[in-house]
1. Does the stretch 543-588 come out rounded, prolate or oblate by the C-alpha gyration tensor, with a ≥ b ≥ c the root eigenvalues, rounded set by a/c under 1.5 and, if not, prolate when a/b is larger than b/c and oblate if not?
2. Of the peptides 348-355, 535-542, how do they stack up when ordered by the mean number of other Cβ atoms within 10 Å, highest first?
3. Hey, how many Å between the Cα centroid of the stretch 455-517 and the Cα centroid of the stretch 212-229?
4. How long are the semi-axes of the equivalent ellipsoid of the stretch 301-596, defined as square roots of 5 times the Cα gyration tensor eigenvalues? Whole Å, largest first.
5. Among 169-180, 261-272, how do they line up from the highest to the lowest mean number of other beta-carbon atoms within 10 Å?
6. Rounded to the nearest Å, what's the spacing between the alpha carbon centres of the stretch 319-344 and the stretch 408-449? Just the number, please.
7. Normalise the Debye intensity by I(0) for the stretch 353-432, one equal point scatterer per Cα, no solvent, then take log10 at q = 0.10, 0.20 Å⁻¹ and round to two decimals.
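What follows draws every value from the coordinates through simple rules; no lab data is involved. This structure is a prediction, so every number in the text was calculated from the model and none was measured. All Cβ positions, glycine included, derive from the backbone under ideal geometry; neighbour counts span all protein chains shown.
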């Protein structure tokens, strides 16, 4: 029998040596990984220091009330890792905060309705509480099969540190009963993968040592071991502490700081201001929570010139609402994707057989649609981090397609072209849903109103038409322009329409009254070019001109606020992105220019 025991002890010692070797390898790997993290952090810090130093010279701001703060901070992104809205605890916090706000504002009836609707969640929490009671009883009874079953439920499954404590208790009980072989197997199978959850620095090593010790008290980490029952009670206390919020929530004792919702909103607004491209010298007043904070910017200087196209650049757009990238379309039959910050060309999209007349992007920036002189519209998938690809080609027009625009819900596209028609396409199937005939000459621009129930089109026949998207009928026609209409745009509220025409004018229209309210002059638009204009921010209008200047008008007065001179050819279009605080323009000189504010440059209008 002594020989058998000696052999068993020798096996344990051999296994212990194997575990020790594995631990040393693991420690070396962890040390190496930690050093790599330190090196990477140092590199990032040094890189950021250089980047901030370089960009500090480019002082961008709004008029004289903002200061340039360099590139937009993109280090902290609102990801699920930071804030997981599906976390049950977070959801309950949100409900509690809303209830507090309703109570503070006197909306007691709404508060009662919300409580009734969320009672289902309270019942689910009660069910979890029952599971806690079962788990406590199983631990105290030493019913480890029941404990194992309950540990597979979400209640404990994600609390891996507590799983480690449960397995440690089982392991120590095996040792207490001198079931060495079971203890050794359990140590390898259950405890080893969770070793990094040990509560004391050498606890796992001490557990390995206990395989050859005569008493649990011999290991330094377990000198205070009080026996199986006392240890089980301690484990139950640990469970109680871990799940303390269950009881606290149920009795309504959770503390919510006063005005918690308003406090969080103030923090969010302050964050948006702090991490915007321009810092206000005077604290701004935020009057709406429906949109992120953006500075009022009047660009006055070239920030970057994007070169690479081999033909004139007809159209330019910021990709998505974030605008971190720019897409341009050219007479060289290609689209180019540019990085807003670095001004580098990220991708060249080839596939069209003729010039690109117009572009449109989805809100998220996942897709870009291009209208071309080859009679097609192509939809490009930009989701890949590497090369963009053509997802769909839409056919149906006879001749050049001059315009393309996504529907607000992004399931449809509207197009217009040389064949005098307006067409509505289903993006998913690539089929034509509806054709709107009625213009006498080529359709130069097509858009949707913000609600998506109307299509507005401008044409070379000097008219602007409003179409009902369901019936396909023309419900309104504007015939006041003396020249061909080259573009139409609508503001975000759908109350104002902006049109450009070859009579040297851009006009603002009251959509409800169908009457012109302002005429914007100063630029040149009389030749065969498609010179277009767009809304910028809530107060400005930007547009191109045949004299090579980008014009910025005041929306309320119609006055020219700024003339941006740097192009050497016709400026066809200009696009604004509020989140980037930047303006992009495209020209016959084969370039795209990005404009921002420079404190060293005057904002005065040159004659």
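1. Oblate shape, in that a/c is at least 1.5 and b/c is the bigger or equal ratio.
2. Top of the packing list down: 535-542, 348-355.
3. The distance from the Cα centre of the stretch 455-517 to that of the stretch 212-229 comes to 86 Å.
4. Working: eigenvalues 126, 115, 58 Å².
The three semi-axes for the stretch 301-596 are 25, 24, 17 Å.
5. Numbers: 169-180: 16.8, 261-272: 13.4.
In decreasing order of mean packing, 169-180, 261-272 become 169-180, 261-272.
6. 24 Å
7. Scattering profile of the stretch 353-432, log10 relative to I(0): -0.20, -0.80.
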